Each structure stands twice: as C-alpha cells, then as structure tokens.
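The values are calculated or read from the model by the stated rules, or taken from the named source; none is laboratory data. Everything numeric in this text was worked out from a predicted model, so none of it was measured. Neighbour counts are summed over all protein chains in view; Cβ atoms, including those assigned to glycine, are modelled from backbone coordinates with ideal geometry. The protein model used for the area step is the full one, side chains on, heavy atoms only, and it has no ligands, DNA or RNA in it. Shrake-Rupley method; radii C 1.70, N 1.55, O 1.52, S 1.80 Å.
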Amino acid sequence: MSDRNMDIRFLRDVSSHQMTIFRDEGEYRHLRFSRPGSSSYGFDLITWPGYLTVTGDMGTWTFSRVRDMFDFFVGQEWGINPYYWSEKLEVGIRSGRHDIAMEFDSEAFNEGLQSWLNDWLEWCPDYSSGDKKMRREAQAVIKELQTSGFSNEQEACAAVYAETFPGDVSAYDILEGINCRRYTLHYLWICYAIVWGITRYRRKQLVSNAMNTFLNCRGVA
C-alpha cells in the first residue's frame with residue numbers, strides 16, 4: 001500500500017474520533033483518540049521527557065529523540081518521514097530499529113528479479129545455440145523464483161542462493177540491486193496517527209488560548 005493510499009485509509013479510520021485529555025502537564029501528556037462507544041482504531045499518545053509512546057489497535061511503538069517529542073514529529077505539518085522516524089524507535093537492542101517497522105515485499109522482490117533478468121538478457125549474446133540455451137535457463141530460473149510465493153525475505157534470499165544460474169552469474173549479483181522490504185501497514189498508520197493526534201491537540205490549545213485571551217480582554221475571566 002502506498003503512502004498516499006495509507007493517508008486516505010487512515011483518515012477514514014479516524015473520521016469519527018474524538019480527543020480525550022487525561023494528562024497535560026508540560027512534556028507529560030496522555031491523550032486518547034477514539035470514536036464514542038467504540039475502541040476500533042483507537043490510540044493513545046503518551047509523552048514524558050525524551051519519549052513518545054503511541055499504543056492502540058496498531059500496536060505499541062515508542063520513539064526517543066528530543067525532550068519534547070511533539071516538537072520532533074510536527075516539523076512538517078501533515079507529512080510523515082517513515083525512514084528517519086524509524087531510526088528513533090526504541091527496541092530491546094540499539095541495532096535493527098528499522099526491522100520492526102519493515103516487512104517482506106514479494107511484489108518488489110519479483111520486480112527486482114525481472115529487472116535483473118531484463119538487463120542480463122540485454123547484455124547476453126544470442127548468436128549460438130549455447131547462448132540461446134543459457135538465456136532460456138536464466139528465464140526459467142527467474143520464473144521459478146517469481147512463482148514460488150515466498151513469505152519472508154530470508155526464505156526468498158535462501159532460494160536465490162540455492163539456484164544454479166547460467167554463465168558466471170552469482171546470487172549476490174542478483175540480490176545486490178533488489179530492495180524487497182517495505183514499511184508495514186501498522187507502522188505507516190502509526191506515523192499518520194502521531195502527526196494527526198499532535199495536530200488536533202495543538203489546534204485545541206490554540207483555540208483555548210485564544211478564548212482565554214478574549215475573555216481576559218473582556219474582563220470575564
């Protein structure tokens with residue numbers, strides 16, 4: 001699913017959500033966004049100095065970068081930055097932060113195989129019967145890999161290494177240019193949820209501050 005489609009999907013999921021503030025004391029906040037009478041697609045934003053946790057139907061994710069994490073996430077209004085933000089995920093070990101936000105993309109894997117094959121066929125001569133045989137063998141191997149229905153990256157890469165390719169082609173030559181990972185639906189949804197939630201919270205603050213200023217000027221408050 002593209003970022004654009006996820007944008008639309010997210011807005012549909014939260015179209016009836018309302019904000020409830022449980023705590024709002026500087027960098028200590030606890031906000032809940034949910035539709036009345038339902039927990040479907042609900043999520044909480046929780047912050048304390050240096051950290052932000054978002055938890056709900058799409059899982060629990062904790063980020064750390066600056067003292068007030070609301071400032072970190074809303075530098076570019078509605079846009080999201082999945083790659084950079086995934087570097088700030090807190091996990092059991094410092095390495096592999098991106099891994100929990102990624103999943104195997106079989107379509108990208110197959111497209112990468114096809115791209116390699118097209119380039120290789122363009123380079124490979126087809127003058128002799130031996131050349132033609134080598135081309136047929138390469139096409140057969142790639143087709144077999146593309147129709148194997150791999151469920152994860154390890155399985156797909158292991159299958160490439162297990163194959164015998166014609167000529168001096170190695171599995172490394174093929175896999176080097178293939179990016180077969182994508183951000184998970186859950187992670188992208190969470191990225192939009194963070195920005196959307198912070199934006200709603202800050203708009204409410206602006207309205208509240210403006211009303212207080214108005215009432216003070218009128219001598220009401």
Tally time: how many residues in segment 180-206 are buried (at least 18 other Cβ atoms within 10 Å of the Cβ) and in a helix (DSSP H, G or I)? 13
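Suppose we filter segment 45-69 for residues that are part of a loop (DSSP other than H, G, I, E, B) and in contact with a helix residue (DSSP H, G or I) (Cβ under 7 Å, 6 or more places away or on another chain); how many remain?
Of all residues in segment 45-69, those part of a loop (DSSP other than H, G, I, E, B) come to 49-50, 57-58, 65-68.
With in contact with a helix residue (DSSP H, G or I) (Cβ under 7 Å, 6 or more places away or on another chain) added as a condition, the list becomes 58, 65-66.
Qualifying residue count, segment 45-69: 3.
Can you find even one residue in segment 72-80 that is more than 27 Å from residue 8 (Cα to Cα) and in contact with a helix residue (DSSP H, G or I) (Cβ under 9 Å, 6 or more places away or on another chain)? Break it down into steps so the answer makes sense when it comes.
Step one: list which residues in segment 72-80 are more than 27 Å from residue 8 (Cα to Cα), which gives none.
Looking through segment 72-80, none of the residues is more than 27 Å from residue 8 (Cα to Cα) and in contact with a helix residue (DSSP H, G or I) (Cβ under 9 Å, 6 or more places away or on another chain).
For residues that are touching a Cys at 6+ places or on another chain (Cβ under 8 Å) and under 30 Å from residue 184 (Cα atoms), scanning just segment 104-133, find the one that is surrounded by the fewest Cβ atoms within 10 Å (Cβ to Cβ). Give the derivation first.
Of the residues in segment 104-133, the ones touching a Cys at 6+ places or on another chain (Cβ under 8 Å) are 104-106, 108-109, 112, 131.
With the extra rule that they be under 30 Å from residue 184 (Cα atoms), the set shrinks to 104-106, 108-109, 112.
On the way: 104: 17, 105: 16, 106: 18, 108: 14, 109: 22, 112: 19.
Selected residue: 108.
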Residues (within 21 Å of the chain's Cα centre (by Cα), under 17 Å from residue 69 (Cβ atoms) and open to solvent by 40 Å² or more (accessible area, probe 1.4 Å)) located in segment 7-51: 46, 51
Got a sec? Which helices (runs of 4 or more DSSP H) wholly within segment 77-179 have at least 3 residues that are of a type in the set (Lys, Arg)? 129-146
Return the residues of segment 141-151 that are open to solvent by 60 Å² or more (accessible area, probe 1.4 Å) and either closer than 14 Å to residue 118 by Cα or touching a residue at least 60 places away in the same chain (Cβ under 8 Å) (or both); say none if nothing qualifies. 143
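So which of 155, 163 ends up being out of contact with any His (no Cβ under 8 Å at 6 or more places or on another chain) and open to solvent by 70 Å² or more (accessible area, probe 1.4 Å)?
Values: 163 fails: open to solvent by 70 Å² or more (accessible area, probe 1.4 Å).
Just one listed residue meets the conditions, 155.
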I'd like the full set of residues that are in contact (Cβ under 8 Å) with a residue 12 or more places away in the chain and aromatic (Phe, Trp, Tyr), limited to segment 166-210. 183, 187, 189, 192, 196, 201
